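All remarks here apply to the structure that follows.
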Amino acid sequence: MKQKRKLFIFIGPPGSGKGTQAELLTREYNINYFSVGEILRTEVRNKTKLGREVAAYLRSGQLAPDEVVSKIMFGKLKRSRKDIIFDGFPRNVDQAVSLDMELDKMKIQRVVFEITLPTKKIVERIMGRRYCVCGKTYHIKHNPPVRNNVCDSCGRRLKTRADAKSDVIVKRQEIYLLQTAKVLHFYKADGGYLLKKINGDRTIPVINQEINNIIKELK
Ligand SMILES: [Zn+2]
């Protein structure tokens with residue numbers, strides 16, 4: 001019998017490493033990975049109609065509206081024939097409910113990976129990030145350059161992202177936890193989703209192995 005197509009919903013705060021884990025899976029499985037953040041940034045960069053609309057929201061410090069985000073992600077869901085990873089969607093209950101209605105129209109197995117990490121660790125991870133204008137990224141603790149604060153590949157000074165401030169990160173984390181608790185509650189109550197909690201406070205390969213074991217046991 002043909003296996004059902006699968007949707008993996010990755011839920012985790014910024015800095016939890018969920019994007020890294022999702023990308024690893026795309027190398028190991030025949031799977032499409034859709035990150036809301038990445039999709040929106042690409043649209044903005046390419047100055048598409050949608051991109052200009054989104055840019056206006058972002059400039060005023062708002063998030064892109066639910067309808068806009070949902071429409072994009074439903075498009076990806078319908079056009080893809082493979083298994084799918086959603087990263088950053090749904091981010092609230094309204095989005096989760098509308099996604100649920102879309103999923104009910106199709107035969108698709110639903111798995112939610114919740115990657116957890118204490119706020120203290122998130123602050124440490126994000127504060128330690130450095131980047132270079134050439135595109136290379138570093139972490140002062142986990143992936144430092146050879147020479148302190150200098151890019152290995154081009155020799156320029158490394159930079160810190162403007163939003164890498166501990167009070168900003170903590171505030172963002174509080175909002176995230178509030179929203180996420182509601183989304184997870186919805187998924188628990190629904191019963192149509194397999195929920196897996198992953199401890200994100202471990203090395204990348206160890207977490208990857210655990211996720212892999214879960215995927216292999218799916219039927
Ligand atoms: Zn560089």
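Couple of notes before you dig in:
- Degrees separating the helix 36-45 axis from the principal Cα axis of the chain, which is the longest one: 60 degrees
- Close Lys pairs in the range 33-90 (alpha-carbon distance under 21 Å; sequence gap of 8 or more, or different chains): 5.
- Amide H contacts of D83 (H built 1.01 Å from N, under 5 Å, at least 5 apart or other chain): K6, N32
- Its Cα centre serving as origin, the range 49-111 has a Cβ charge dipole (Lys and Arg +1, Asp and Glu -1) of approximately 400 debye.
- Under the Karplus curve 6.51 cos²θ - 1.76 cosθ + 1.60, θ = phi - 60°, whole-Hz ³J(HN,Hα) for the range 24-29, x wherever Gly or Pro sits: 4, 5, 5, 7, 9, 10
- Seen from a random direction on average, the alpha-carbon convex hull of the chain projects onto 13.3 square nanometres.
- The lysines whose alpha-carbon is closer than 17 Å to the alpha-carbon of K159, local same-chain residues fewer than 8 away aside, are K136, K141.
- Between R161 and T203, the FRET efficiency estimated from the beta carbon spacing at R0 = 25 angstrom works out to 0.60.
- Placing a label point 7 Å from the Cα of Y29 along the Cα-to-Cβ line, the residues of the range 77-103 whose backbone N sits under 15 Å from it are 81-87.
- Among beta bridges that DSSP assigns inside the chain, antiparallel share in %, nearest 5: 20 percent
- Under the convention that each Lys and Arg Cβ holds +1 and each Asp and Glu Cβ holds -1, the size of the dipole of the chain around its Cα centre is about 660 debye.
- Gain in span if fully extended, T48 to K107, counting 0.36 nm per residue against the direct Cα distance: 18.0 nm
A short reminder: the numbers here are calculations on the coordinates, not readings from a lab. As the structure is a computational prediction, the values presented were derived from the model and not from experiment. Here Cβ is always computed from backbone atoms with ideal geometry, including for glycine, and neighbour counts include all displayed protein chains.
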